[in-house]
Each structure stands twice: as structure tokens, then as C-alpha cells.
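Novice: Handing you this structure, nothing more for now.
The values are calculated or read from the model by the stated rules, or taken from the named source; none is laboratory data. Source: prediction; values computed, not measured. Here the Cβ is made from the backbone with ideal geometry for all residues, glycine too, and neighbour counts use every protein chain on show. Keep in mind that these areas ignore ligands, DNA and RNA; they rest on the heavy atoms of the full protein, side chains included. Shrake-Rupley method; radii C 1.70, N 1.55, O 1.52, S 1.80 Å.
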Amino acid sequence: MKLHNAITDVPGIRVGHAQNEEALTGCTVVLCEDGAVGGVDQRGGAPGTRETDALHPMHLVERVHAVVLAGGSAFGLDAATGAVRYLEERGVGFDVRVARVPIVPAAILFDLGIGRADVRPDAAMGYQACLNASADPPTEGNVGAGTGATVGKILGPGQAMKSGLGTASLEIGAGVVVGAIVAVNALGDVVDPASGAIIAGARAVQVGPVHVGAPGYFADTMAVMRTLVGRTTMGFARPREHTVIGVVATNARLTKEQANKVAQMAQDGLARTIRPAHTMLDGDTIFALATGQKKADVNIVGAFAAEVLAQAILRAVRAARPAAGLPAASGS
């Protein structure tokens, strides 16, 4: 099987972006119109989500038809309404006899502090993202939900760096594919787990005679957190402004409980690449989708879900371009 290192390598998965480049916000829709068993794992302390309860075990609905990732903070949840309308027009949804109700969970990130705060993803943008969806490898970087994403904000937005959206995939044997797509908008730094080097994050700053942060370009968020400046900054940091949101998908045949386990295990990839992760100021939320064509061991699927999510996070920051005066890993 020829792969393109993208979540769309999973059969039955299509991805579409829509964004406003002036306002620096957008949304990404992951479509699975034939239905996929869904799961979710939410670990950050400041989430913004829709229909995540339906994905937990002991709830009636098992299959979802799309997942929406959006900027715009809580306003951006409206983008899911556009995806619902798109799917309903095509007869896709949970059959309740009098109608088919599309099941579209969603998660948002905060990007109101970059670009324009009065322009957010809405139903029209969500609908357009669905129209743009295809099985081709999705564009990465400053697109969709990653349009306004930034990382490394412990010293304030002025010392942050531009991030974005990334995707990755792996074939793990017997035709089983695991893919991920993620918008990286973390409080912390993004670190290459192979080398331990910071790729993008908070930049050091000179405050009068005091150099805040580790020597060199990066401040190192973990190092700053140990200082008086870090403790003060954390006290003033605002919740809901930092979130990593993403989807892992596979063509493995999983139960709802197993899909939730895969989402849980995928969070390990986030923790490997973002330092710190899952803080009370982050809303880190990962969805899992299983389209069900191949038999596979959930432990193996989950282990590689963590790996592809980590790779997608690295690709997100490496593909990002400078914007709003913020540099990116690709250059300033």
C-alpha cells in the first residue's frame, strides 16, 4: 500500500480546510460519511467541545460521520453546524426514522488573540470545509484549524511562535493504517523526542538587566516555570487560550471502548512532543475514528496512534509560516 504520510491514507477518510487568512482563523473537517466508530480523550483543563459525551462508552450512538476542528474559541463550535447541514443534505446520519441526524463531534482552540477577534469559524465556513474535502493529502501549516495556532506562550503572546496543522500516517502490518491530523496551539514548547531539542516555543526575552529564559533563542518553558517570572506568568495566564486538538483514524475494526482506548493512548504522542502538556490552561482533546475494514489488536493500534500523533505535531510546527509578526520554525 502506497502511503502519503497523511490521515487520508485511511480508507474512508476525507479532509477539508477553510480559513480566513486575514483574520488568521479557520476550521478543518474530517469526514467519514460511511460512519466510523468514535472515541475521545480530553485531558487539558480548559476544553471547548461539542458532542464528546456521545463518544463515551455506555452511550447509545457508536458511529460518527465527521469531526470538526476549529479556531475561534467557543464561537468556533458553530462550524460543526455547517458540517451537519452538509451531511444531512447527502442523507448521512443516525437514523431516527423521521430524519437522519449526522453525528459531528467538535473541538476548538483559542486564536482570538492573533489576527482579528471579531471573525471566527461559523456554519458557513464549516460547510465550505466539507465542500473542500478530498481524499488527497491535506495541506499543512497555516491552514484550517491551524491558521491561527501558536505555541510557547508562557512569556506572553509576543514571545510565542507561529504553529499550524500537521498530519502523518503509518502502515502497521496486514494492511492496517493509522493516521493523525492535529492543530497545535499549546502553552508549552514543541520538542523533537529524538533529540530533545525545542523546535518551536517561547522565545527568551530581556527585561531590563534580566535575561528571562535559558541562554539562546528559546526560553525553555519548563525552565521558566521554575523561576519567579514563570510562577507569576502562570498565575496570569488565561485558560482556554492554549489547546492541541486532533484526530487519529484507522481502518482497524474496533469497539467503542477500544476507540476510546486508542484516543487515550494517542495522547502519549502529545506528551512526548509538547512540554508541558495537559495543563489546566490547555484544552487538549484527541478524537479516534475506526472505519472497521481490518482486524487488529487495539494495543498495537494505540501504540502507533501515539507515534503518528507525535509525528503530526512535529510536522505542524515545521510546516507553519510566520504570521502576525511571529516567527516560525521554518524561518522568521
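Novice: If you fit an axis through the alpha-carbon atoms of helix 256-273 and take the longest principal axis of the Cα set of the chain, what angle between them do you get, 0 to 90°, nearest 10?
Specialist: It is inclined by approximately 20 degrees.
Novice: When the accessible area of the chain is split by element with a 1.4 Å probe, what percent falls to carbon and sulfur? Could the numbers behind the result be given before it?
Specialist: Details: 6920 of 12870 Å².
Ligands and nucleic acids excluded, carbon and sulfur reach 54 percent.
Novice: Still on this structure, I have one more. If you take the square roots of the eigenvalues of the alpha-carbon gyration tensor of the stretch 122-167 and sort them as a ≥ b ≥ c, do you get rounded (a/c under 1.5), prolate (a/b over b/c) or oblate? All intermediate terms of the calculation are to be shown ahead of the outcome.
Specialist: Working: a/c = 5.04, a/b = 2.00, b/c = 2.52.
Oblate.
Novice: Still on this structure, please answer the following. Rounded to the nearest 10 Å², what accessible area does residue 37 have for a 1.4 Å probe in the complete protein model?
Specialist: So the heavy atoms of residue 37 present about 10 Å² to solvent.
Novice: Same structure, new question: Compute the distance in nm between two label points, each set 7 Å from the Cα along the Cα-to-Cβ direction, one at residue 89 and one at residue 171.
Specialist: 3.6
Novice: Number of Lys pairs in the chain with C-alpha atoms less than 19 angstrom apart, excluding same-chain neighbours closer than eight positions?
Specialist: Details: 2/294; 153/162; 256/294; 256/295; 261/294; 261/295.
Going through the chain pair by pair, I get 6.
Novice: Quick one: Karplus J couplings for the stretch 142-148, per residue in order, coefficients 6.51, -1.76, 1.60, θ = phi - 60°, nearest Hz, x for Gly and Pro?
Specialist: 7, 9, x, 5, x, 4, x
Novice: Highest mean first, what order results for 282-294, 142-154, 110-122 on Cβ atoms within 10 Å? Can you show the working numbers first?
Specialist: On the way: 282-294: 25.8, 142-154: 29.4, 110-122: 20.8.
Averaged packing, sorted descending, gives the order 142-154, 282-294, 110-122.
Novice: Which shape class, rounded, prolate or oblate, goes with the stretch 2-106 when its Cα gyration tensor gives a ≥ b ≥ c as root eigenvalues, a/c under 1.5 marks rounded, and past that a/b bigger than b/c marks prolate?
Specialist: Values: a/c = 1.34, a/b = 1.21, b/c = 1.11.
In terms of gyration-tensor shape, rounded.
Novice: Based on the mean of other Cβ atoms within 10 Å per residue, sort peptides 65-74, 251-260 so the most packed one is first. The partial results should precede the final answer.
Specialist: Values: 65-74: 28.8, 251-260: 21.3.
Order by mean packing, descending: 65-74, 251-260.
Novice: If you line up the long axis of helix 298-319 against the longest principal axis of the chain, both from Cα atoms, how many degrees apart are they, to the nearest 10?
Specialist: Once rounded, the angle reads 50 degrees.
Novice: Short version: what are the Cα gyration tensor semi-axes of the chain, square root of 5 times each eigenvalue, largest first, in whole Å? The partial results should precede the final answer.
Specialist: Numbers: eigenvalues 209, 86, 57 Å².
Each semi-axis is the square root of five times an eigenvalue, giving 32, 21, 17 Å.
Novice: Just to be sure I understand: with springs between alpha-carbon atoms less than 10 Å apart, which residue in 58, 161, 265 has the highest mean-square fluctuation in the Gaussian network model of the chain?
Specialist: 58
Novice: How much mean residue ellipticity at 222 nm does the chain get from its helices, if each DSSP H run of length 4 or more adds -39500 (n - 2.57) and you divide by all residues, to the nearest 500 deg cm²/dmol? Intermediate values should be presented prior to the final figure.
Specialist: Values: 6 runs with 74 residues, N = 332.
That calculation yields -7000 deg cm²/dmol at 222 nm.
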